[in-house]
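The values are calculated or read from the model by the stated rules, or taken from the named source; none is laboratory data. Keep in mind the model is a prediction, meaning the values are calculated, not measured. Positions of Cβ are backbone-derived with ideal geometry, glycine not excepted, and every protein chain shown enters the neighbour counts.
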Amino acid sequence: MKASVRFEVVGLNQLRLLNTLVKDGIHIKDPSRRSAKLIRFSVNEKDKSKTISIMEKLGFSYEIVEEKNLSVAIKKVIPRLGTVVGLIAMIVVSIYLSSFLWKIEIIGNSRLDELTIIRALKNGDISVGKRVNFDVSDVEETLLQLDEISAASAELVGTTLKIEIIESAEISPPKQKGDIVSLYDAEITRIVVNSGTAKVKIGDRVPIGSVLIEGIEYNTAGEPLKEADAQGKIYGKVNFTYCEMASLSNGYRRTGKVKSATVIKFFGFNIGKEPKDIPGFESETTVTRIGDILPLYAITTRYYELEQLPEKTPEQLVQEIKDKAVNALVICAGGSEITATANSFNISDKIFKITVHIEAEVSIGGKRID
């Protein structure tokens, strides 16, 4: 039995969640859309924490509706062995597990990716699975060794390490002088040199990082004369691949019809009916305090009627994703001579995984930053 976890997730932008999980290397199994706001899917047990972290970061609410693993099977057997034995075992395991670090939460980072921070902590012998016998000041000192961080604070709450960082001010790099290198694996199609010396010719195949225009000028004998700020444009044929999960459903839009319900809360008592979900409506709730002396609150829930937009055909969906890929990867970069092909795979319940392969001529050069 392969360990897996099945989630029931509530939220409107379901495709954004699925694409984020796929891009993060999480394998999604048996996705099933129940409504505009409700979807179920399974992931491997090893991806459970990562999946939960992504859902919380994107603002989705979720519930684990099924777990298939050895621990779940054991929990079903334990009651038969006696409540006392099971309770003692759980207490012992709980005490033992509480001596380890099981989660790291990081806030305050916008430019610095979380993986870089985790790697820095690991180099300082602080990682998930380690005993919580370290000093949080060591965590702060480790993080401050990164140039991108100007201040850091850490707090150990149970088995979770909570970290807050302040990033260093972003400084624009000075104009780079020197070589222009290839930003892609490409086949050279056009060369325009304004300053410096071309190191490639039309028809050459170059890997990413290859020097295209050298920041040196030579005389006719091939001897270097002087350093130069390499300037020019090198064009080449480049292959791109774009992958996205998408649905035939166009989603829902509000019709303009609105209902509302208000509950007054006072010293734990409610005046009015508690709000409930209404099929076909999307709800938004606001809480307003009435006065400054008594703990009196008005909780208003507004219900917006939704109507389902017409579904796309598989062909329309593939063309939409193909156009999106070409615009995102090629058109915005001034590409030309574009050819694009797309493959689609039906995962389930009108959800498709679409892969687009593009070949285009684009400007491939960029300044070397040493």
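In table form, for the structure just shown:
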{"read-out": "Which listed residue, of K257, K324, K312, is basic (K, R) and more than 26 Å from I28 (Cβ to Cβ)", "value": "K257"}
{"read-out": "Only listed residue being modelled with pLDDT under 90 and among the acidic types (D, E), chosen from E217, E187", "value": "E217"}
{"read-out": "Residue, nearest to T20 (Cα to Cα), within region 48-66, restricted to residues that are of a type in the set (D, E, K, R) and in contact (Cβ under 8 Å) with a residue 24 or more places away in the chain", "value": "K50"}
{"read-out": "Selection count, region 318-339, where residues are in contact with a strand residue (DSSP E or B) (Cβ under 6 Å, 6 or more places away or on another chain) and surrounded by fewer than 18 Cβ atoms within 10 Å (Cβ to Cβ)", "value": "5"}
{"read-out": "Cβ pairs under 7 Å, 6+ apart, first in region 131-154 and closer than 23 Å to S99 by Cβ and at pLDDT 85 or above, second among the small types (G, A, S) and outside any loop (DSSP other than H, G, I, E, B)", "value": "V139/A154; E140/A152; E140/S153; E140/A154; T142/A120"}
{"read-out": "Flag if T255 is surrounded by 13 or more Cβ atoms within 10 Å (Cβ to Cβ), more than 21 Å from G334 (Cβ to Cβ) and among the polar types (S, T, N, Q)", "value": "no"}
{"read-out": "Residue within region 345-363 that is free of Cβ contacts under 8 Å to residues at least 60 places away in the same chain, assigned to a strand (DSSP E or B), surrounded by fewer than 17 Cβ atoms within 10 Å (Cβ to Cβ) and not assigned by TED's automatic domain parsing to the domain that holds S42 present", "value": "yes"}
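Conditions tested, residue by residue: (1) out of contact with any helix residue (DSSP H, G or I) (no Cβ under 9 Å at 6 or more places or on another chain); (2) under 24 Å from Y303 (Cβ atoms).
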site: R16; (1), (2): no, yes
site: D24; (1), (2): no, no
site: D30; (1), (2): yes, no
site: S42; (1), (2): yes, no
site: K46; (1), (2): yes, no
site: S49; (1), (2): yes, no
